[in-house]
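The structure appears right after this line, and notes come after that.
All of the numbers you see were taken from the coordinates with simple rules; none came from a lab. Model, not experiment: these values are computed from the prediction. Because the Cβ atoms are built from the backbone with ideal geometry, glycine has one as well, and the counts that use them run over all protein chains shown.
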Amino acid sequence: MANDAISLSLHAGEILALLGENGAGKTTLMNILFGHYRADEGSVLVDGQELPPGSTQAAIQAGIGMVHQHFTLADNLTVLENITLGTQSLFAWRQNQKKARAKLVAMSEDYGLVVDPDVLVSSLSVGERQRVEILKALYRDARILILDEPTAVLTPQESNNLFATLKAITKKGLAIIFISHKLHEILAISSRIAVLRRGAIVGSLETVVAQREQLAELMVGAAVARPKLTAIEKGKPVLEISGLSTQGTGATALKDVNLTIRAHEIVGIAGVAGNGQSTLADLLSGLTKRFSGSVRLNAVALPAGDPRAVVAAGVGRIPEDRHARGMVGEMEIWENLISEDLRSPEISNSGIIISSSKSKSRAERQIEEFDVRCSGPEAETKLLSGGNMQKLILARALSRDPTLILANQPVRGLDEGAIAYVQNQLLQARQRGAAILLVSEDLDELMSLTDRIAVMFQGQLSDPQPTGDQSIAEIGLMMAGQNSAALNEGRSLDH
């Protein structure tokens, strides 16, 4: 059951954090509150008045606003046009932009969400775009804000600014539901915490008495401890990137990237989305061709633009988007598991005809080894939760014992239990001798799981520094481009 007899209250001026594993029912509950879904039983009351089920318009009129994890803004429109879109009648003789501008400016100043109404959204930073999303909800006179993973693409400084804004908003009487899988954020921003597990509320407590370990245990139903990095002697160079640049302009084009990763080493790349990390990941995965420079794997040139050759060379790929690139949802689990290994003698006859029985037998072993919760190898992949789909990708990538693992946002959107599992698998691969490139926007993950950290900003990569030599605040400044010397000169921040 997606939601099971949930009773929840929200008071003016408070921030209620909503925690839960993937598939616990958080998104379903929020979609019911906002009118996207219709509940089978129960009711939603705002100020004592019951909302008609399944009506987004009624939810908005009642003062509920929702800010989604992925922004819903039109890049080719101005801030003012985005905010007022849909608020005025299409049949009006003319749109009252003067009145709308005055209201927006007053709100921006009142709530500390300063943004130029006349600039195109395409020119805004990620943090500024989020301000626009919040202003869009407030412009519609929202008194209840639902924020779904609001810091997923923000730097630490932008997250801190957002928290300050949210606290200021609640002082004016607004109520906020804050959804996040980052426990340190929940503890820093919320007034009260509700925990969902398997569609039901299993705990509700005041934040001042909450403990991180306690929350993690409530989420998964058992004690959870994230693995820790231990010292290990590094081996020979596995990945060597020299002078790598790609065609194109803008932040996503790579500019003279240099990087070496050795066996038994995890190197992390920090950066705000859209600064070239995806370009680098695509290139190393064989999905794009490089423009200049060299990439060598175990002293041999890595094939460009040839995914099959990249996998055959010993690269294990954990893509950024498990739905769009990691798996084919309509295919069965066993089919996805063999998709990068079609010529293996373990599953085919002479590398030509695939044996479904052999493939399913191997899939059963992988499902058991990687603890994939499913009905069996013939289940449709799209029916898996995010965490189990990620385990499936790990099973495919790690079962072949790769020498280089490209882990791009491997725990994005996962709950505490799944995060601990994925990170433990990466550390075990490091122990076996793999070199690992870990791309992540979660600085806590990078600080706890890597040997060295580099920062990518507008296609430039800083020289990796031993983890711990730089603080999260310093790395955050580099992610925002506020310490370009560290990027241009390939060195760490000056202290």
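The table below gives the values:
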{"item": "Cβ-defined net charge surrounding residue 192, 12 Å radius [Lys, Arg +1; Asp, Glu -1]", "result": "-2"}
{"item": "Set of lysines with alpha-carbon distance to residue 99 below 17 Å, sequence-local pairs under 8 removed", "result": "136"}
{"item": "Integer Hz, Karplus 6.51/-1.76/1.60 couplings in order for the range 432-443, x for Gly and Pro", "result": "6, x, 6, 9, 10, 9, 10, 9, 8, 9, 9, 5"}
{"item": "Estimated distance in nm for a label pair at residue 472 and residue 424, the labels positioned 7 Å out from Cα along Cα-to-Cβ", "result": "2.4 nm"}
{"item": "DSSP beta bridges in the range 237-488 [antiparallel fraction, %, rounded to 5]", "result": "50 percent"}
{"item": "Karplus-derived HN-Hα couplings along the range 6-14 (A = 6.51, B = -1.76, C = 1.60, θ = phi - 60°), whole Hz, x at Gly and Pro", "result": "7, 10, 8, 10, 9, 10, 4, x, 10"}
{"item": "Farthest positive-ward along the range 119-251 dipole, Cα basis, beta-carbon charges - from 151, 183, 137", "result": "137"}
{"item": "Using a Förster distance of 30 Å, the FRET efficiency for residue 291-residue 339 (Cβ separation, nearest 0.05)", "result": "0.55"}
{"item": "Label-point separation in nm, residue 36 to residue 204, each point 7 Å along Cα→Cβ", "result": "2.3 nm"}
{"item": "Tally of Lys pairs whose C-alpha atoms are under 19 Å apart, taken over the range 237-488, 8 or more apart or cross-chain", "result": "4"}
{"item": "Global geometry of the range 315-378, whether rounded, prolate or oblate, following the gyration tensor of its Cα atoms and the 1.5 cut on a/c", "result": "oblate"}
{"item": "Global geometry of the range 1-75, whether rounded, prolate or oblate, following the gyration tensor of its Cα atoms and the 1.5 cut on a/c", "result": "rounded"}
{"item": "Distant-in-sequence amide H partners of residue 46 (H built 1.01 Å from N, under 5 Å)", "result": "51"}
{"item": "Volume of the Cα convex hull of the range 202-293, divided per residue and given in Å³", "result": "184 Å³"}
{"item": "Theoretical gain in end-to-end length, residue 432 to residue 118 [0.36 nm per residue, Cα-Cα removed]", "result": "107.5 nm"}
{"item": "Centroid-to-centroid separation of the range 244-271 and the range 215-231 [C-alpha atoms, Å]", "result": "31 Å"}
{"item": "Alpha carbon centroid spacing (whole Å) that separates the range 7-61 from the range 448-484", "result": "39 Å"}
{"item": "Per-pair calculated FRET efficiency, R0 = 30 Å: residue 229 and residue 258 via Cβ, rounded to 0.05", "result": "0.80"}
{"item": "Dipole magnitude (debye, nearest 20) for the chain, charges at Cβ of Lys, Arg, Asp, Glu", "result": "500 debye"}
{"item": "DSSP-defined beta bridges in the chain - what % are antiparallel, rounded to 5", "result": "45 percent"}
{"item": "Peptides ranked, highest mean first, by Cβ atoms within 10 Å: ranges 121-134, 223-236", "result": "121-134, 223-236"}
{"item": "Helix 126-139 vs. the chain, principal-axis angle (Cα, 0 to 90°, nearest 10)", "result": "30 degrees"}
{"item": "Nearby aspartates and glutamates by direct alpha-carbon distance to residue 234 (threshold 12 angstrom, same-chain neighbours under 8 apart not counted)", "result": "265, 451"}
{"item": "Cβ-defined net charge surrounding residue 208, 13 Å radius [Lys, Arg +1; Asp, Glu -1]", "result": "-1"}
{"item": "Ranked list, fewest to most other Cβ atoms within 10 Å of each Cβ, for 462, 292", "result": "292, 462"}
{"item": "Farthest positive-ward along the chain dipole, Cα basis, beta-carbon charges - from 264, 8, 19", "result": "264"}
{"item": "Other-chain or far-sequence residues with amide H under 5 Å of residue 463's (modelled H)", "result": "490, 491"}
{"item": "Stretch gain in nm, segment residue 188-residue 298, where the contour uses 0.36 nm per residue and the Cα spacing is subtracted", "result": "35.2 nm"}
{"item": "Assigned charges on the beta-carbon of Lys, Arg, Asp, Glu; the range 15-220 dipole about Cα centre (debye)", "result": "420 debye"}
{"item": "Farthest toward positive dipole pole in the range 237-488 [+1 Lys/Arg, -1 Asp/Glu at C-beta], among 394, 310, 473", "result": "310"}
{"item": "Whole-angstrom gap from the range 422-440 to the range 359-388, using each part's C-alpha centre", "result": "22 Å"}
{"item": "Cα Rg, Dmax, the range 237-488, angstrom units", "result": "18.2, 57"}
{"item": "Chain lengthening between residue 47 and residue 328 when straightened (0.36 nm per residue, less Cα-Cα)", "result": "96.7 nm"}
{"item": "Integer Hz, Karplus 6.51/-1.76/1.60 couplings in order for the range 382-396, x for Gly and Pro", "result": "5, 7, 6, 6, x, x, 6, 5, 5, 4, 5, 5, 4, 4, 5"}
{"item": "Sequence-distant residues sharing a close amide H with residue 302 (under 5 Å, placed H)", "result": "295, 296, 297"}
